[in-house]
1. Of the residues Arg137, Arg146, which is surrounded by fewer than 24 Cβ atoms within 10 Å (Cβ to Cβ), of a type in the set (Lys, Arg) and within 17 Å of Ala182 (Cβ to Cβ)?
2. Show the residue pairs meeting these rules: Cβ distance below 6 Å; 6+ apart or different chains; first residue within region 149-164 and closer than 17 Å to Ala95 by Cα; second residue open to solvent by 10 Å² or more (accessible area, probe 1.4 Å) and at pLDDT 95 or above.
3. Looking only at region 91-125, count how many residues are closer than 20 Å to Pro28 by Cβ and of a type in the set (Asp, Glu).
4. Identify the single condition in (1) assigned to a loop (DSSP other than H, G, I, E, B); (2) among the polar types (S, T, N, Q); (3) open to solvent by 20 Å² or more (accessible area, probe 1.4 Å) that Thr214 does not satisfy, given that it satisfies every other one.
5. What are the residue pairs meeting all of these: first residue in region 43-58, first residue in contact (Cβ under 8 Å) with a residue 60 or more places away in the chain, second residue β-branched (Val, Ile, Thr), Cβ atoms under 7 Å, and 6 or more apart or on different chains?
6. Take Tyr169 and decide whether it is aromatic (Phe, Trp, Tyr), modelled with pLDDT of 95 or more, part of a helix (DSSP H, G or I) and in contact with a Leu (Cβ under 6 Å, 6 or more places away or on another chain).
7. Residue check: is Ala63 buried (at least 18 other Cβ atoms within 10 Å of the Cβ) and under 19 Å from the mean Cα position of the chain (by Cα)?
8. Could you tell me which residue of region 17-30 is nearest to Pro53 (Cα to Cα), considering only residues that are in contact with a strand residue (DSSP E or B) (Cβ under 7 Å, 6 or more places away or on another chain) and open to solvent by 20 Å² or more (accessible area, probe 1.4 Å)?
Amino acid sequence: MTDAPETPEPTVLARARGGLGHLTLNRPRAINALDLDMVAQLSAALDAWQDDPDVGIVLLDGAGDRGLCAGGDVRSLYEQIVGGTPEQPSVFFRAEYALNARIAEYPHPIVVIADGITMGGGIGLAGHAAVRVVTERSKLAMPETRIGFTPDVGGTWLLAHAPGRIGEYLGVTGATMDAADALYAGFADHLVPAAHLEALRDALETRADPSTPTELVLLFDETAPPSRLAAARPWIDDAFSADTVPEIVARLRARPEAEASATADTIAELSPTGMAVTLEAVRRARELPDLRAALAQEYRLVMWFARTQPDLVEGIRAQLVDKDRTPSWRPATSAEVDAETVAAAFAWVPETPLWD
């Protein structure tokens, strides 16, 4: 007699109690990376709770202690493109971006705990919530240029509204923010020590009306240390106000700060096309009216990459498939990326529209 196969755990845990709807991403071994089914489960739970009089607050967090969410399932994206179905990624992007907008527009306040790694698609979940909590373990980033891609999930909207030229810097380089940086850049609202997270979760569930989520979080909030990004503003603003990536690099090389020179070295390793498009995307997002408009712009760009750009497949291959960390970008240098290529990305019209 053999044992019955174990039922796999759900990848999203959804429960409602005490007026709190609690969503937990539950793929800790993958740092809760998002796939299409998880997006569908999150959306279904928000649908169910939207008009539920017994749910007043929604909490979103991640299982395990490594992070809220390491991003979207780019391996599937890779397989769809190399498998000859480059339009298929639109299914995931449309569902994911609808969820990003839903979080921003949800009638009940959503509290997100971005503890640990929160990158790419994780920013799409955390960055647009009503109350965004980070901890001393938080590491936030939009690292898409490392894989020959461009920030999406509303990331360009957040980057566009960061102080000075911080948005261009974070988007082009994929640099990682700690809690203080995330607060300074506008990606988070409160720093709560990881040791107090369970108490915060309990307070959200057992709160005494009319306490708001913000008032409850403030019970556990601590003052962040000084932001390294804030201290770096002089050289970041100087260099990243340049018109093009090659000009940014030239300004970085001319600066006396060691960090500026190191940033120029980093840029030399990233996708030239990804950086050029990202630089323009952040700047265009500053002129857009709202998050949905930014998502629509990002959707055009990501589908342009999926349909036309070899760097996306090559970047995922080098970072996540073969893991040799030596991508061969085409073109190989930023000087070879012309304005017509960038213009083509923004003019792209996907076969399937983002919004129905």
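The values are calculated or read from the model by the stated rules, or taken from the named source; none is laboratory data. In this text, all values refer to a predicted model and were calculated from it rather than measured experimentally. In this analysis, Cβ positions are derived from the backbone assuming ideal geometry, glycine residues included, and neighbour counts consider all displayed protein chains. Heavy atoms of the whole protein, side chains included, go into the accessibility calculation; ligands, DNA and RNA do not. Shrake-Rupley method; radii C 1.70, N 1.55, O 1.52, S 1.80 Å.
1. Values: Arg146 fails: within 17 Å of Ala182 (Cβ to Cβ).
Answer to the selection: Arg137.
2. Pro151/Glu144; Gly154/His128; Gly154/Leu291
3. Within region 91-125, residues that are closer than 20 Å to Pro28 by Cβ and of a type in the set (Asp, Glu) number 1.
4. The number of the failed condition is (1).
5. Cβ pairs passing all conditions: Ile57/Val111.
6. Working: aromatic (Phe, Trp, Tyr): yes; modelled with pLDDT of 95 or more: yes; part of a helix (DSSP H, G or I): yes; in contact with a Leu (Cβ under 6 Å, 6 or more places away or on another chain): no.
Here the answer is no, as Tyr169 does not meet what is asked.
7. On the way: buried (at least 18 other Cβ atoms within 10 Å of the Cβ): yes; under 19 Å from the mean Cα position of the chain (by Cα): yes.
Yes: the conditions hold for Ala63.
8. Top of the filtered list is His22.
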